[in-house]
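Every read-out reported here was derived from the displayed coordinates using simple, explicitly stated rules and does not represent laboratory data. Remember, predicted model here, so these are calculated numbers, not experimental data. No Cβ is skipped: glycine too gets one built from the backbone with ideal geometry, and neighbour counts run over all protein chains shown.
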Amino acid sequence: MKYRVDDLAARAAVSVDTVRYYQAKGLLPPPERDGRISWYSDEHLQRLERIRALKDNGFTLASIARLLSGEHPADEALVAAVVSSDDALSGTSEMSLEELSQRTGVSPALLEAIEREGLLAPRDIGGAKRYSNDDADAVQAGLALLEAGLPLGELLALARTHDAAMRDVAAEAVDLFARFVRDPIRAQTTSESEAAERLVTAFRTMLPAVTSLVARHFRRVLLDVARERIEGELEDVT
């Protein structure tokens, strides 16, 4: 099949400007020229569909360019495993902001404020933010804390502090995975399919272990600090 640029864009569900932008960035091969007319093929359509799938899986355009050029294809399987694990933990991200607002009874403006503090983690799907059941549960947990008497400003400040600390821990954990698991697997294997399988297996083994370790440690520390605070106040009274 041959397509003019507007036909190709329509079939791929993107704009003509997007097609031309991807072409300028080297993500699409140049079309055939027939005088002043550019003709695109099924190869271009398949490439656009792959770009969209990679974007939905969280890849940046720079990463997509490297994958399309054949660089580190095993990472595509690894990111797909990350996305599927996220879906398994939080539920499918299918709610809009307005739908999340209707479900939780919280205004969109307040939800956006909560999101800025890191309590919500929407995903970009097709250029739109989508929220999951996990996001709805987080909002409900926040409401329970407000009903218990915590001021909104103080709760958001706590969320901001927690988010920053957890991102530091997560960044270090990902760095350890890259240095001691991913990079050695890449160096030891000559087959990209074998590397992809080993990376995905290692990730799926380590994710629940790390998640359990961090969650258990935070709960333990929280209870220890609470006990120490109560015991200290009792000692001050006596």
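General remarks:
- Percent of C-alpha pairs per 5 Å bin, the range 189-236, short to long: 4, 19, 12, 12, 10, 9, 8, 7, 6, 5, 4, 3, 2, 0
- Built amide H within the under 5 Å cut-off of Tyr3, gap 5+: Tyr40, Ser41
- The distance separating the Cα centre of the range 1-69 from that of the range 92-151 comes to 34 Å.
- Label-point separation in nm, Val79 to Ala215, each point 7 Å along Cα→Cβ: 2.7
- Of the peptides 99-108, 173-182, the order by per-residue mean of other Cβ atoms within 10 Å, starting with the highest, comes out as 99-108, 173-182.
- Highest-first packing order for the peptide set 42-52, 152-162, 220-230 is 42-52, 152-162, 220-230, based on the mean count of other beta carbon atoms within 10 Å.
- Shape analysis of the range 2-68 places it in the prolate category; the axes a ≥ b ≥ c from the Cα gyration tensor give an a/c of at least 1.5, with a/b above b/c.
- For the range 105-238: rounded, prolate or oblate by the Cα gyration tensor [a/c cutoff 1.5]: oblate
- Kirkwood-Stokes translational diffusion coefficient of the chain, alpha-carbon pairs, 20 °C, 1.002 mPa s, µm²/s: 99
- Summed side-chain charge close to Gly153 - residues other than Gly153 whose Cβ falls under 14 Å, Lys, Arg +1, Asp, Glu -1: 0
- Neighbours of Phe180 by Cβ distance under 14 Å: Lys/Arg scored +1, Asp/Glu scored -1, total +1.
- Take every pair of alpha-carbon atoms less than 8 Å apart whose residues are at least six positions apart; their mean separation over the length of the chain yields a relative contact order of 16 percent.
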